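The structure appears right after this line, and notes come after that.
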Amino acid sequence: MANIVLKNICKTYDKKQVVKNLNLEIGDGEFAVLVGPSGCGKSTTLRMIAGLEAPTEGEIYIDGKLVNDVPAGMRDIAMVFQNYAIYPTMTVRGNIEFGLKNRKVPKAERDQLIHDVCEIVGLTEYLNRKPSTLSGGQRQRVALARAMVKKPSVFLMDEPLSNLDAKLRTQMRSELIELHQRLHTTFVYVTHDQVEAMSMGSKIIVMNEGVKMQDATPLEVYHQPRNIFAAQFIGTPPMNIFDVASVGTWEGCAPEGCQKVGFRPEKIRMHEPDTATDDNEFFHLEASVVTRELLGAEAVYSLQSKAGSLQVKTHDSYLPEPGEPVRISIRKKDIFFFSEDGKRIEK
Ligand SMILES: Nc1ncnc2c1ncn2[C@@H]1O[C@H](COP(=O)(O)OP(=O)(O)OP(=O)(O)O)[C@@H](O)[C@H]1O
Ligand SMILES: [Mg+2]
């Protein structure tokens, strides 16, 4: 078990700064998720923690110890990569056992570890198979199992589920959560998938273009986003954002310095066009339906209003069709306010 501290970490490749003054504290036993769009610096950050890449500036501490000069093999970490590398000539068992043999773990202990881990990731029946006879997802699980048997004090994972189909992904997601609960090891997990981040992380670190946009629990990011980027990255469909000036009625209520307003698609109610709403509690807008997606339990709408286009996610039985006019209402307390540079203004 170990905590991780990053102090003023910068990484530059060919004069381009890809990680910018990153400060981060990951507690002992935490499940931290680095999340952000492609190219934002997630893998680079993880590789610096692993010791596979040296920071251009700044310090990395693992368990209170400065590790900038500690080689990867001495950091007591295990890493599962986006592009897993397993040995094609060895069986599944051989792949998982390899590192254990290197570390001279006794045979009985090795067998027990392999048995336990393979039960968890569902590889038991494939132990004697060669990787070439496995599906991509099964190979990914070999890579996971191989990292797990090391029992590291820090577990680094770079999109380990990205090659799995949707169903297996969901299953492996809960299994990783369970695994974390069982091991209490510090996990640092990289994904560009906000649903994965929300469901797995005890803490999520939202990054964009090498900059940390927010660092908090998933629900905190959802309910108290620090800026428009975090607000729109977490939640699907993304939060609707408008210029405050585009909707006159909001101006009176917006706080000082507010240039943009936002509200989440799932907080919007749709009504028949002439429905009365309580103007003290709600804001409302007239809109028309552009498209609707009926997903079974819920429906996602795109609407056009005078403020611009917006999305609505509804569980209601009222399901207007494309072309129909609607009236939408949003509780005033569900509206977020932002300054011109995208910072959230708390009211
Ligand atoms: N070895 C390298 N040499 C030069 N540039 C690099 C190198 N590794 C990464 N980069 C650049 O650094 C930036 C961040 O890359 P990184 O791999 O950390 O992104 P990421 O957030 O993991 O993206 P993805 O979700 O696509 O995996 C990118 O612009 C990338 O092109
Ligand atoms: Mg990456």
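Kindly provide the set of residues from the range 311-336 that are surrounded by 13 or more Cβ atoms within 10 Å (Cβ to Cβ) and either assigned by TED's automatic domain parsing to the domain that holds HIS223 or over 24 Å from the mean Cα position of the chain (by Cα) (or both), ordered by number.
Of everything in the range 311-336, those that are surrounded by 13 or more Cβ atoms within 10 Å (Cβ to Cβ) and either assigned by TED's automatic domain parsing to the domain that holds HIS223 or over 24 Å from the mean Cα position of the chain (by Cα) (or both) turn out to be LEU319, PRO320, GLU324, PRO325, VAL326, ARG327, ILE328, SER329, ILE330, ARG331, LYS332.
Which one is nearest to LEU285 (Cα to Cα) among residues in the range 311-328 that are among the charged types (D, E, K, R) and in a loop (DSSP other than H, G, I, E, B)?
Within the range 311-328, the first condition is being among the charged types (D, E, K, R), and the residues that meet it are 313, 316, 321, 324, 327.
Add one more test, that the residue is in a loop (DSSP other than H, G, I, E, B), and what stays is 316, 321, 324.
Working: ASP316: 18, GLU321: 18, GLU324: 14 Å.
If we take residues in the range 311-328 being among the charged types (D, E, K, R) and in a loop (DSSP other than H, G, I, E, B), then GLU324 is nearest to LEU285 (Cα to Cα).
Out of PHE242, PHE282, report the one residue that is assigned by TED's automatic domain parsing to the domain that holds ASP341, on the phi < 0 side of the Ramachandran plot and out of contact with any Phe, Trp or Tyr (no Cβ under 9 Å at 6 or more places or on another chain). Don't jump to the end; show me each part of the working.
Values: PHE242 fails: out of contact with any Phe, Trp or Tyr (no Cβ under 9 Å at 6 or more places or on another chain).
Unique residue meeting the criteria: PHE282.
Based on what the data block shows, is ILE26 out of contact with any Cys (no Cβ under 9 Å at 6 or more places or on another chain) and more than 13 Å from ligand 1 (Cβ to nearest atom)?
Yes, satisfied.
Run down LYS20, LYS16 and say which single residue is surrounded by fewer than 20 Cβ atoms within 10 Å (Cβ to Cβ), within 15 Å of ligand 1 (Cβ to nearest atom), without any contact (Cβ under 8 Å) to a residue 12 or more places away in the chain and at negative phi.
After ruling out the rest, the residue left standing is LYS16.
Within the range 30-43, how many residues are within 20 Å of VAL154 (Cα to Cα) and either at pLDDT below 95 or within 13 Å of ligand 1 (Cβ to nearest atom) (or both)?
Of the residues in that region, 6 qualify.
Going by the conditions given, is ASN3 more than 16 Å from ligand 2 (Cβ to nearest atom), among the polar types (S, T, N, Q), within 22 Å of GLY201 (Cβ to Cβ) and touching a Phe, Trp or Tyr at 6+ places or on another chain (Cβ under 9 Å)? Steps first, answer last, please.
Values: more than 16 Å from ligand 2 (Cβ to nearest atom): yes; among the polar types (S, T, N, Q): yes; within 22 Å of GLY201 (Cβ to Cβ): yes; touching a Phe, Trp or Tyr at 6+ places or on another chain (Cβ under 9 Å): yes.
Considered against the rule, which asks whether it is more than 16 Å from ligand 2 (Cβ to nearest atom), among the polar types (S, T, N, Q), within 22 Å of GLY201 (Cβ to Cβ) and touching a Phe, Trp or Tyr at 6+ places or on another chain (Cβ under 9 Å), ASN3 comes out as yes.
Which of the residues spanning the range 178-204 are surrounded by fewer than 21 Cβ atoms within 10 Å (Cβ to Cβ) and aliphatic (A, V, I, L, M)?
Of everything in the range 178-204, those that are surrounded by fewer than 21 Cβ atoms within 10 Å (Cβ to Cβ) and aliphatic (A, V, I, L, M) turn out to be LEU179, LEU183, VAL195, MET198.
Would you please name the residue that is nearest to LYS347 (Cα to Cα), looking only at residues in the range 185-203 that are within 16 Å of ligand 2 (Cβ to nearest atom) and aliphatic (A, V, I, L, M)?
ALA197
This table checks each residue for (1) surrounded by fewer than 19 Cβ atoms within 10 Å (Cβ to Cβ); (2) of a type in the set (Ser, Thr, Tyr).
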residue	(1), (2)
LEU161	no, no
LEU176	no, no
VAL206	no, no
LYS212	no, no
THR217	yes, yes
ALA231	no, no
PRO238	yes, no
GLN259	yes, no
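Does the range 260-310 hold any residues that are in contact with a strand residue (DSSP E or B) (Cβ under 7 Å, 6 or more places away or on another chain), without any contact (Cβ under 8 Å) to a residue 24 or more places away in the chain and in a loop (DSSP other than H, G, I, E, B), and which are they?
Once the filter is applied, which keeps residues that are in contact with a strand residue (DSSP E or B) (Cβ under 7 Å, 6 or more places away or on another chain), without any contact (Cβ under 8 Å) to a residue 24 or more places away in the chain and in a loop (DSSP other than H, G, I, E, B), the range 260-310 yields only GLU298.
Determine which single condition LYS11 fails, assuming it passes every other condition in (1) surrounded by fewer than 22 Cβ atoms within 10 Å (Cβ to Cβ); (2) near ligand 1 (Cβ under 9 Å from one of its atoms).
That leaves (1) as the condition not met.
Report yes if VAL105 is more than 16 Å from ligand 2 (Cβ to nearest atom), free of Cβ contacts under 8 Å to residues at least 12 places away in the same chain and either surrounded by 15 or more Cβ atoms within 10 Å (Cβ to Cβ) or aliphatic (A, V, I, L, M) (or both), otherwise no.
yes
Filter the range 25-38 for residues that are more than 16 Å from ligand 2 (Cβ to nearest atom) and under 16 Å from the mean Cα position of the chain (by Cα); which is surrounded by the fewest Cβ atoms within 10 Å (Cβ to Cβ)?
Here the residue is GLU30.
Which of the residues that make up the range 69-83 are buried (at least 20 other Cβ atoms within 10 Å of the Cβ) and within 15 Å of ligand 1 (Cβ to nearest atom)?
Here is the first cut: in the range 69-83, the ones buried (at least 20 other Cβ atoms within 10 Å of the Cβ) are 75, 77-81.
Correct list: MET79, VAL80, PHE81.
Within the range 1-82, which strands (runs of 3 or more DSSP E) (wholly inside it) include 2 or more residues that are among the charged types (D, E, K, R)? Full working, then the answer.
On the way: elements: 4-13, 16-26, 31-35, 57-62, 77-80.
Those strands (runs of 3 or more DSSP E) span 4-13, 16-26, 57-62.
Residues in the range 39-68 that are more than 16 Å from ligand 2 (Cβ to nearest atom), surrounded by fewer than 20 Cβ atoms within 10 Å (Cβ to Cβ) and either in contact (Cβ under 8 Å) with a residue 24 or more places away in the chain or under 19 Å from ASN208 (Cβ atoms) (or both): how many?
Going through the range 39-68 one residue at a time, the tally reaches 7.
Where in the range 83-177 are the helices (runs of 4 or more DSSP H), entirely inside, with at least 3 residues that are farther than 29 Å from ALA2 by Cα?
Values: elements: 92-102, 107-121, 136-148.
Those helices (runs of 4 or more DSSP H) span 136-148.
The values are calculated or read from the model by the stated rules, or taken from the named source; none is laboratory data. This is a predicted model, so every value here is computed, not measured. Virtual Cβ from ideal backbone geometry, glycine too; neighbours counted across all protein chains shown.
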